[in-house]
Amino acid sequence: MAHVVAMGGDLAQFTGGREAFDIRATSVAGMIRELELRYPGLGDYVQRRMAIAIDGEIYQDADGAVFSAGSEVCLIPKIGGG
C-alpha cells in the first residue's frame, strides 16, 4: 500500500484529525476516489486545493500520475499567486 501524508491545509475537518493513512490506489485519480469514499468531501478538496508529491517529486497537476505500492504520497497546499 502507498502511504499518504497530509503536509498542511485543513484536511483534519474531513479525517477526524488523521494526518497519515495507507491507500490501495496506485494512481492519483484512484487515490482521490479512495479518499472520497473514506472521507466524504476529502477527494474533492484534495483535487481543488492540494499539490501532490510522489516520492519527493511535486506535481501541481497530478491527475495522470501513478505510483507504486511502496510510495509516499504527500498532500501539500497549493501556492496561490497572481
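Any read-out appearing in this document is the output of simple, stated calculations on the displayed coordinates, not a laboratory observation. Model, not experiment: these values are computed from the prediction. Here the Cβ positions follow ideal geometry from the backbone for every residue, glycine too, while neighbour counts run over all protein chains shown.
Structural remarks
- Extension reserve of the Asp44-Asp22 stretch, reckoned as 0.36 nm per residue once the Cα distance is removed: 6.1 nm
- Using θ = phi - 60° in the Karplus curve 6.51 cos²θ - 1.76 cosθ + 1.60, the 3J(HN,Hα) couplings for the range 65-77 round to 6, 10, 8, 9, 4, x, 6, 9, 10, 9, 9, 10, x Hz; x is entered for Gly and Pro.
- Packing, as the average of other Cβ atoms within 10 Å across residues, places the peptides 2-9, 67-74, 28-35, 13-20 in the order 28-35, 2-9, 67-74, 13-20, highest first.
- With a Förster radius of 22 Å applied to the C-beta separation of Ala12 and Arg33, the computed FRET efficiency comes to 0.60.
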